Amino acid sequence: RPLKDNLPKWVLLGSKLVAPFTQAETPPDTLVLTEDYCSALRVSRSCAALALMGTSLNNNALSLITKWYKEGRRVLVWLDNDSQAVVQRAKDIRKRLDPFLRCGIILLKKEPKHFIHDSEIRGVINGT
């Protein structure tokens, strides 16, 4: 949360439209869309991640995702889920991606950046 009212919750250098993938050492079959860079970096220890820098899917991110996607791969949407509005935005993103690729959604209240152990993140991603 911001330290003072009317200030952004994050620092962003450059354009919000260009978000790099973060990626685990092994070639991933899963891409997780996160709300921010901290969560994307945390998830990237287990699979590929893309920070949306917010709760919406812009056309640039959609293009990156569809270029990454191949048969046998999947995309998961894991936003911060700190309000019903954010949960709805995650569902909207999944709905927008469904016609193009295999997409799931993670609706945990715990944000990816708050996990300590990699095994916990992998358990969430793999549904165990």
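A compact table of results
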read-out	value
Failed item in (1) modelled with pLDDT of 90 or more; (2) open to solvent by 60 Å² or more (accessible area, probe 1.4 Å), with Val18 passing the rest	(1)
Number of positions in the stretch 75-91 that are surrounded by 13 or more Cβ atoms within 10 Å (Cβ to Cβ) and over 18 Å from Asp36 (Cβ atoms)	1
Close pairs (9 angstrom Cβ cut-off, 6 or more residues apart or separate chains): within 20 Å of Ile121 (Cβ to Cβ) in the stretch 47-60, open to solvent by 40 Å² or more (accessible area, probe 1.4 Å) and of a type in the set (Val, Ile, Thr) anywhere	Cys47/Thr26
Pair list, Cβ under 8 Å, 6 or more apart: the stretch 95-121 residue open to solvent by 40 Å² or more (accessible area, probe 1.4 Å) and assigned to a loop (DSSP other than H, G, I, E, B), other residue modelled with pLDDT under 95 and among the polar types (S, T, N, Q)	Phe100/Thr66; Leu107/Asn81; Leu108/Asn81; Lys109/Asn81
Any chance Arg102 is on the phi < 0 side of the Ramachandran plot, within 12 Å of the chain's Cα centre (by Cα) and of a type outside the set (Ser, Thr, Tyr)	no
Only listed residue being charged (D, E, K, R) and under 14 Å from the mean Cα position of the chain (by Cα), chosen from Lys70, Lys91	Lys91
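The values are calculated or read from the model by the stated rules, or taken from the named source; none is laboratory data. Note that this is a predicted model, so its numbers are computed, not measured. Cβ atoms come from the backbone with ideal geometry, glycine included; neighbour counts cover every protein chain shown. Calculation scope for accessible area: heavy atoms of the full protein, side chains included, ligands and nucleic acids excluded. Shrake-Rupley method; radii C 1.70, N 1.55, O 1.52, S 1.80 Å.
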